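Student: Starting off with a structure, shown below.
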Amino acid sequence: MNFRVRAATKEDCKDISRMIMELAVYEKMPDQVEISHKELERDGFCQNPFFQCLVAEVPEEQKSKEGFTAVGYALYFYTYSTWRGRSVYLEDLYVMPEFRGNGIGKGLLCKVAEVGKKEECVRLQLSVLDWNTLSRDFYAAKGAQDLTVSEGWHFIRFDGQNLDNLANEAPKD
């Protein structure tokens, strides 16, 4: 199958938003998605973007049954390890179901790794749901380590009222 991986543009945000919802449905969490293409445009295509994104697209003659040529995406951003230095975090890697098994996911993952290496990142990190053995096996086959198993790390989150409460307890200037 012919496909290409390229940097996303502001014009891709509606397709990216559509695929974010498809991924959320797959992950059994569609009610968790609170952003639209407008937030993606604002946050990813501003002077200091909060994220970067790659899009996988197929030629018009191979478009999806719904008529889409954008069939996958990888959304990532840079982080910093106080132990190792520059890192890249892969927030989402998604390929539409009818296009899986054609190397598109691998192409997206490898391109994120290539971009990270060009930016002198020393590691690529991501998280995967525990029940998603297909994805866990895919990443393991490429050499990823499951840090939950090997090092015992847990992924922790503050959001909503808990984030508000924490921010309200910050020392005043």
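The values are calculated or read from the model by the stated rules, or taken from the named source; none is laboratory data. Model, not experiment: these values are computed from the prediction. All Cβ positions, even for glycine, are placed from backbone atoms using ideal geometry, and neighbour counts span all protein chains on display. Side chains included, ligands, DNA and RNA excluded: accessible areas come from the protein's heavy atoms. Shrake-Rupley method; radii C 1.70, N 1.55, O 1.52, S 1.80 Å.
Student: Please work out the Cα convex hull volume for the chain and give it in Å³ per residue.
Tutor: 163
Student: Could you derive backbone 3J(HN,Hα) for the stretch 83-98 from the dihedral phi with the Karplus parameters 6.51, -1.76 and 1.60 (θ = phi - 60°), listing whole Hz in sequence and x where the residue is Gly or Pro?
Tutor: Using θ = phi - 60°, the values come out as 9, 10, x, 4, 9, 10, 10, 8, 6, 9, 9, 9, 10, 4, x, 6 Hz.
Student: Multiplying the sequence separation of Asp137 and Arg100 by 0.36 nm and subtracting their Cα-Cα distance, what value in nm do you get?
Tutor: 11.9 nm
Student: How high is the FRET efficiency from Trp83 to Cys46, r the C-beta distance, R0 45 Å, rounded to 0.05?
Tutor: My answer for the efficiency is 0.90.
Student: Determine the order of Glu41, Glu61 by accessible area, beginning with the largest, at a probe radius of 1.4 Å.
Tutor: Result of the area sort, largest leading: Glu61, Glu41.
Student: Among 43-50, 91-98, how do they line up by average Cβ neighbours within 10 Å per residue, starting with the highest?
Tutor: Result, highest mean first: 91-98, 43-50.
Student: With +1 on each Lys and Arg Cβ and -1 on each Asp and Glu Cβ, and nothing else charged, work out how big the dipole of the stretch 101-153 is about its Cα centre, in Debye to the nearest 20.
Tutor: Dipole size: approximately 240 debye.
Student: Just from the alpha-carbon atoms, what are the Rg and Dmax of the stretch 101-173 in angstroms?
Tutor: Rg and Dmax of the stretch 101-173, Cα atoms, are 17.3, 54 Å.
Student: Indicate the gyration tensor shape class of the stretch 52-91 (rounded, prolate or oblate), computed on the Cα atoms with a ≥ b ≥ c the square roots of the eigenvalues: a/c under 1.5 is rounded; otherwise a/b larger than b/c is prolate and the rest oblate.
Tutor: Prolate.
Student: Keeping all protein chains in position, work out how much accessible area Ile156 exposes to a 1.4 Å probe, and write it in Å² to the nearest 10.
Tutor: 130
Student: Calculate, for the stretch 108-167, the solvent-accessible area per residue in square angstrom, rolling a 1.4 angstrom probe over the heavy atoms of the protein chains.
Tutor: For the stretch 108-167, the solvent-accessible area averages 78 Å² per residue.
Student: While we're here: Under a cut-off of 29 Å between alpha-carbon atoms, report the lysines in cross-link reach of Lys111, not counting same-chain residues fewer than 8 places apart.
Tutor: Those lysines meeting the cut-off are Lys10, Lys14, Lys28, Lys38, Lys63, Lys65, Lys142.
Student: Kirkwood-based Rg over Rh for the stretch 1-96 (C-alpha set), two decimals?
Tutor: We get a ratio of 1.00 for the stretch 1-96.
Student: I would also like to ask the following. Could you tell me which of rounded, prolate or oblate describes the stretch 1-48, using a ≥ b ≥ c as the square roots of the eigenvalues of the alpha-carbon gyration tensor, with rounded for a/c under 1.5 and, failing that, prolate when a/b is larger than b/c and oblate otherwise?
Tutor: oblate
Student: Quick check on the chain: helices-only [θ] at 222 nm, where DSSP H runs of length 4 and up contribute -39,500 (n - 2.57) each and the sum goes over total residues. Nearest 500, please.
Tutor: -10000 deg cm²/dmol
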